[in-house]
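Everything on this sheet refers to the single structure shown next.
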Amino acid sequence: MAKTATRAQVSRLPSTRESRPALIGLAIVLIVGGALASGWLAIQSGNRAFFVQASQEVAQGAQITSDDLTRVSLPEDFDGAIPADDVDDIVGQSATTRLLPGTVLTPEMVSEDSGVAANQTQLTLSVDASPFIQRLQAGAQLALNVGGGDSGRQAVAAELVSVGDADDGGLGQVSGDEIPIVVAIDLSCLSTVAQGIEDNAVTPALIGGDAGQSVPSTCGG
């Protein structure tokens, strides 16, 4: 009787032939499911759209032209970017910050009112964090002494916009012993002052009265 029971139990185990169809069916399900998932990902990755991008540098406060802009393909749900279809609305507006080539534009980067006087732009530079600098008020008239050494120095008139408010579009490198100041200068002096900032060769000085009239507000060349 014991042998009969053992044989009965053994006979209940599935044979290789019986399990093979189940494995084949599972493999088919996995293959089909994988193909569907791959197709879905391919479709999703194809959901792209064109957005407005800066093709060349635009100074803060400068008017944006069609030559300054191009378009770039990004995921359709790219957050905050200006669609390429709206590019005509951007042309003629002013940059509220310095735009570098490759920048994807957002509505905050452009404005019909630049907040900057005509033919002027704003730059950020770092200076010694002295009590004198920290007490300066917006609107103070400055002379930026640019350069030095064999190249000589050039004075450029500037107006203080703010003290201690770093601007993402600025060129200055700020350390722990320095404080950023934002100044407005004539567009003709942009390259001169920008080079001076890169060379760490810009020294601001407060001017006023008749002395201010002797500092050129524009740069030749």
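Some points to look at:
- The selection criterion, being loosely packed, with under 13 Cβ neighbours inside 10 Å, within 30 Å of LEU190 (Cα to Cα), among the charged types (D, E, K, R) and modelled with pLDDT of 85 or more, does not hold for ASP85.
- Selected residue (criterion: farthest from LEU190 (Cα to Cα)) from residues of segment 88-107 that are assigned to a loop (DSSP other than H, G, I, E, B) and either touching a helix residue (DSSP H, G or I) at 6+ places or on another chain (Cβ under 9 Å) or of a type in the set (S, T, N, Q) (or both): THR106
- Search result, residues across segment 90-116 that are closer than 13 Å to PHE51 by Cα and not small (Gly, Ala, Ser): ILE90, THR103, VAL104, LEU105, THR106, PRO107
- Checked against (1) over 26 Å from ASN47 (Cβ atoms); (2) of a type in the set (Lys, Arg); (3) surrounded by fewer than 19 Cβ atoms within 10 Å (Cβ to Cβ), ARG98 meets all criteria but (3).
The values are calculated or read from the model by the stated rules, or taken from the named source; none is laboratory data. As the structure is a computational prediction, the values presented were derived from the model and not from experiment. Every residue, glycine as well, gets a Cβ built from its backbone with ideal geometry; the counts of neighbours run over all protein chains shown.
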